[in-house]
Amino acid sequence: MRQLTPQIQSQPASSRTSRRLRASALLLLASSLVALAAPLAAQETVSLSLAGGSVVRIYSADYVLARWVRSLGERLWLEIPGYGSAELLVPGSATGAAAYYPHSVPDVRAALAAVAHPALPESLSVYCLPYPRAGLTSSSTAGRRIFLSPGILPFAPEVTHMVATHELGHVVHNCHLPDSDLAGWAAYRGLRSITDLSVYCEDAQHRNRPHEIFAEDFRFLFGGVLANYSGTIENGALPLPDAVPGLFSFLLALGQGQALAPAAGELVASNYPNPFNPQTRLTVEAARGFLGAPLSVEVFDAAGRLVRRLHAGALERTRLELQWDGCNERGVALPTGVYFARVRLGAQQLSHKMLLIG
């Protein structure tokens, strides 16, 4: 996420934290650089549950400084287990600013708590960094980790909301739309009309990178009021996300098409890819007690009209895979939209949502 200009000039808590962080760094650089191992206050870390049961752990800049910042000569390094090492730019150094202001933990918490998406990753960690990383001064993500870089001025709450929600969007595509999902990204690019690889690629300017466009779409569609205070997205040349047909449904469906192995007495259906274009694989799984029971699989449109029969007969295996090409009974391609696979097995019945991108 690019640096955003704060809308207010100061916040007492942020100012105190910045002065404390700067003093710590200068002390390290001017002395024998003793280890920082002071007892930590309980309020320096925060846990919260998000929509769908996702659990987030937020670490304050003071906590990060005390636990995971190490000195090596006159240089400081961020060393978080499972992340690796990154050199930090300290205040007053040749490349550092006079002072840094980290993101406020309460503002980060409020930003994430306001997100309304039903399939967020089950757990993630957020680190409010005391100093920026050398070579990577902006906020970023790695898997289910969010790293929020400090600014040279205090952050207004709405800016923290924007940044934190944008970075959560990156976590969502890290987990539910990885780069290896070529069909999923092709569907997203088609929806967003960003199929020109010479313009929209990861080597392009920041606003034209597909990952950044996705994160902005996520922020705009699922973030809270403060995260969307500007009413805009980074790339002003693109239509606003709520004006793109099918985009909300596409993002909403991410992470919801995965099925668990059925327990005794259970019936489960899933499809992959979802969203899809032009075909998808529908998987039906059932406990062994259902073997021999009559099974039917049919596809209905959003208005409840039957458009395709995929299977009718007895269940012969506990796992059945069916291909659907997005066409109706007459072989005519169906339009973009939400469709439902209705599975009936003996006395059991379930409905599974699928998103076709035309």
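The values are calculated or read from the model by the stated rules, or taken from the named source; none is laboratory data. All of these numbers come straight from a predicted model, not from anything done at the bench. With ideal geometry, Cβ positions are generated from the backbone for all residues, glycine too; neighbour counts draw on all protein chains shown.
Residues that are surrounded by 21 or more Cβ atoms within 10 Å (Cβ to Cβ) and more than 21 Å from the chain's Cα centre (by Cα) are absent from the range 255-264. Of the residues that sit in the range 274-288 and are surrounded by 21 or more Cβ atoms within 10 Å (Cβ to Cβ) and assigned to a strand (DSSP E or B), which one is modelled with the lowest pLDDT? Checking each candidate, the answer is ALA286.
Here is a yes/no grid of residues against (1) at pLDDT 95 or above; (2) part of a loop (DSSP other than H, G, I, E, B); (3) out of contact with any Leu (no Cβ under 7 Å at 6 or more places or on another chain):
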{"position": "ILE146", "(1), (2), (3)": "yes, no, no"}
{"position": "GLU158", "(1), (2), (3)": "yes, no, no"}
{"position": "SER180", "(1), (2), (3)": "no, yes, yes"}
{"position": "GLY184", "(1), (2), (3)": "no, no, no"}
{"position": "TYR200", "(1), (2), (3)": "yes, yes, yes"}
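State whether one or more residues within the range 100-123 are farther than 23 Å from VAL171 by Cβ and either in the same structural domain as LEU50 (by TED's automatic domain parsing) or of a type outside the set (A, V, I, L, M, F, W, C) (or both). Within the range 100-123, one or more residues are farther than 23 Å from VAL171 by Cβ and either in the same structural domain as LEU50 (by TED's automatic domain parsing) or of a type outside the set (A, V, I, L, M, F, W, C) (or both). LEU72 meets the conditions (1) out of contact with any Asp or Glu (no Cβ under 8 Å at 6 or more places or on another chain); (2) surrounded by fewer than 17 Cβ atoms within 10 Å (Cβ to Cβ); (3) under 22 Å from ARG57 (Cα atoms) in every case but one. The failed one is (3). The set of residues in the range 100-131 that are in contact with a Leu (Cβ under 8 Å, 6 or more places away or on another chain), modelled with pLDDT of 85 or more and farther than 16 Å from HIS166 by Cα comprises TYR100, TYR101, PRO102, LEU129, PRO130, TYR131. Exactly one residue out of HIS161, HIS176 is closer than 17 Å to LEU252 by Cα and assigned by TED's automatic domain parsing to the domain that holds VAL56: that is HIS176. Suppose the filter is crowded, with 17+ Cβ neighbours inside 10 Å and either assigned by TED's automatic domain parsing to the domain that holds VAL56 or closer than 30 Å to LEU356 by Cβ (or both); does GLU167 pass it? Taking the combined requirement at face value, the residue satisfies it. Out of ALA94, ALA86, ALA110, ALA116, one residue alone is among the aliphatic types (A, V, I, L, M) and surrounded by 18 or more Cβ atoms within 10 Å (Cβ to Cβ). It is ALA110.
Residues in the range 202-237 that are more than 18 Å from THR160 (Cα to Cα) and in a loop (DSSP other than H, G, I, E, B): GLU202, ASP203, ALA204, GLN205, ARG209, ASN235, GLY236, ALA237.
Look at ALA204 and say whether it is small (Gly, Ala, Ser) and in contact with a strand residue (DSSP E or B) (Cβ under 9 Å, 6 or more places away or on another chain). So ALA204 fails the test. Within the range 135-145, not a single residue is free of Cβ contacts under 8 Å to residues at least 40 places away in the same chain and of a type in the set (A, V, I, L, M, F, W, C).
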